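What follows is a set of notes on a single structure, which appears directly below.
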Amino acid sequence: MARILVTEEIAEGGLDRLRQAGHDVDVQLGLGPDQLVEAISGASALIIRSATSVTDEVLAASPELMVVGRAGIGLDNVDVSAATSRGVMVVNAPQSNIVSAAEHTMALLLATARNVPQAHAALVDGRWERGKWEGVELVDKTLGVVGLGRIGKLVADRARAFGMRIVAYDPFVSEDRARQMGVELVELDQLVSESDFLTVHLPKTPETVGLVDRDLLLKAKPSLRVINVARGGIVDEADLAECLRDGVIAGAGLDVFSTEPTTESPLFDIDSVVVTPHLGASTREAQDKAGDTIASMVELALAGDFVPFAVNVSAAEANETIRPFLPLAERLGSLFQSLVGANPDVLEICIEGEIAGYDTRILDLAVLKGYFGSISEDPVTYVNAPQIAKDRGLDVRDVNCATSADYVNLITITGGGHRISGTLSGPRTEQRVVNIDGVPFDVPPVDNMIVVTNDDRPGVIGTVGTLLGSAEVNIADMDVSRVADDDSAVMLIAPTKPVPATVLDELRRAPGIVSVSVLST
């Protein structure tokens, strides 16, 4: 099984899960950059949190690396572009700490509103300063939420329970969706000018770094308090400190910083600032969920299965309707490669039926994964399959197809003069191959299928059965179709085990047999 390098503290339950799956879990904490490059050699997976920087140099040090798992949400410490170019999947645990982060946001909001840590520090230092630390109520105040993702929405829900008015800035949320949340959408400048509290819930990107700066804060009321439990650097810390000293705004609560870990900041000596050392995800529940989730994602990635939380797969997450078709698409891709032989110039993928109404890009990736998986010496994943196609000059196209009259859903692959179609059938949604090169069938796919073209006359099917039986090869399933405008028929056979080459040669020499081919996966 695979070696998994773990460089930061992960909940033991997740690591135990990987060990029980037979993997070698190698825990090495506190590695420096050079030590990490040395330690990752030969690893198939790397599990980290926020302190480990995964650079292109690190990725290059282990050609065997298949997946980087981030036990948490943010990925600013992972070179995702470099990982993608190297075919390394990057996965995270986006839902593991959302409740903890939302609750910590509320904790900082309340702490800044009521000066809780400042009053505590004064009292334990022997000073009863009841009059100095007067606070403000939350009720009837306006909370500006910058980013209405999972965490932003949870914060809005909790703040509403305190009687706060919620305004939000998020260009990716519709007015209708915001209205359903009980949130008023406004532009960023208006949000800052109206808010008594402002909380940031955005990813750290080149566009969001320094978003909350002096120019923006100059538009605020003097009563504004800024909360950041998202990512360091989104709020410009030097500008924030300057605005606090100048009385432009009233206070701030920060859990994240542009450089971490840190014990120095211009904010640390300002009385109206509450700080914590990146504790947003530091609850037992969040750590357990992150460890379990990332272990599950890494296990799926190492097995070559679909990974729901892969961030560098060029497709939307497969929903419950699409997901059952992934194994079928991969199997069809593999069978098609065996059918077509050499790479065609163009590979066309057609999705028909109810599933065509969804984002089906993940099915295209599954087809490519199956297609190249049987001929590539290197592992093929949902990440690197498009790059392999590009490197081999294969033009992959989604094509519009007429709605199938015979099947509720249908996947068809075409190229190089060949075609194969498949669907899921019955209450158990069994895979079925239903067409090869225009000839209809209804046979479940297996690893080594036999396609026999024969004269359409009595006795040929019996001959085939006899020859296979003499080699102790049972037929699990088969179907026969007559070829229109021809005196021939085609059998599609699903044997219980691979047919020996000598038996295939006997079949080819048998009376009435025109051709015999094998479709392998």
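Scan (1) 25.8; (2) 24.4; (3) 26.9 for the value of Kirkwood radius over Cα pairs in Å calculated from this model and give just the label.
Given (1) 25.8; (2) 24.4; (3) 26.9, the calculated one carries the label (3).
For segment 112-182, with every protein chain kept in place, what is the accessible area per residue (1.4 Å probe, Å²)? Before the final figure, lay out each step's value.
Numbers: 4260 Å² over 71 residues.
Here the per-residue accessible area is 60 Å².
Compute the distance from the alpha-carbon center of segment 427-491 to that of segment 139-163, in whole Å.
62
Would you mind putting 380-390, 66-76 in packing order, based on average other-beta-carbon counts within 10 Å, highest first?
On the way: 380-390: 21.0, 66-76: 24.7.
The densest-packed peptide leads the list: 66-76, 380-390.
Using the Cα atoms as the points, what is the convex hull volume per residue of segment 67-148 in Å³?
146
How much accessible area does Met478 have with a 1.4 Å probe, in Å² rounded to the nearest 10?
60
Averaging sequence separations of C-alpha pairs under 8 Å and six or more residues apart, then dividing by the length of the chain, give the relative contact order as a whole percent.
Reported relative contact order: 11 percent.
Roughly speaking, to the nearest percent, how much of segment 309-398's 1.4 Å accessible area is carbon and sulfur?
43
Measuring from centroid to centroid over Cα atoms, what is the spacing of segment 352-399 and segment 51-95 in Å?
Each part reduced to its Cα centre gives a spacing of 21 Å.
If you roll a 1.4 Å probe over the heavy atoms of the protein chains, what accessible area per residue do you get for segment 397-521, in Å²?
Value for segment 397-521: 52 Å² per residue.
Quick one: pull the percentage of alpha-carbon pairs in segment 171-323 with a separation above 29 Å. Intermediate values should be presented prior to the final figure.
Working: 4084 of 11628 pairs.
So the pairs more than 29 Å apart make up 35 percent of the total in segment 171-323.
In segment 5-52, carbon and sulfur make up what percent of the accessible area (probe 1.4 Å)?
Carbon and sulfur atoms account for 42 percent of the accessible area of segment 5-52.
Given Cα pairs under 8 Å that are at least 6 residues apart, what percent is the relative contact order of segment 346-451?
Relative contact order, segment 346-451: 28 percent.
Gly232's amide H: which non-local residues (gap 5+, or another chain) put their own amide H closer than 5 Å, with H modeled 1.01 Å from N in plane and none for Pro or chain starts?
Result for Gly232 returns Phe257.
Tally the DSSP beta bridges in the chain and give the antiparallel ones as a percent, rounded to 5.
The antiparallel fraction comes to roughly 50 percent.
Per residue, how many Å² of accessible area does segment 19-68 show with a 1.4 Å probe?
48
Give me the orientation-averaged projected area of the Cα convex hull of segment 436-492, in nm², one decimal.
With every direction weighted equally, the projected area is 4.1 nm².
Below 8 Å, C-alpha to C-alpha, sequence gap of six or more: please give me the relative contact order for segment 381-521 in percent.
21
By accessible area of protein heavy atoms, probe 1.4 Å, what ranking do Glu129, Glu354 get, highest first?
So the residues, ranked largest to smallest area, are Glu354, Glu129.
Can you give me the three principal axis dimensions of segment 36-101 from its C-alpha atoms, in Å, biggest first?
Result for segment 36-101: principal-axis Cα extents of 37, 21, 17 Å.
Go through segment 112-120 residue by residue and turn each phi into a ³J(HN,Hα) via Karplus (6.51, -1.76, 1.60, θ = phi - 60°); whole Hz please, and just put x for glycine and proline.
Whole-Hz 3J(HN,Hα) from phi for segment 112-120: 6, 5, 10, 6, 4, x, 5, 5, 4.
The values are calculated or read from the model by the stated rules, or taken from the named source; none is laboratory data. Keep in mind it's a predicted model, so treat the numbers as computed, not measured. Every residue, glycine among them, receives a Cβ derived from its backbone with ideal geometry; neighbour counts consider all protein chains shown. Surface accessibility is based on the protein's heavy atoms, side chains included, excluding ligands, DNA and RNA. Shrake-Rupley method; radii C 1.70, N 1.55, O 1.52, S 1.80 Å.
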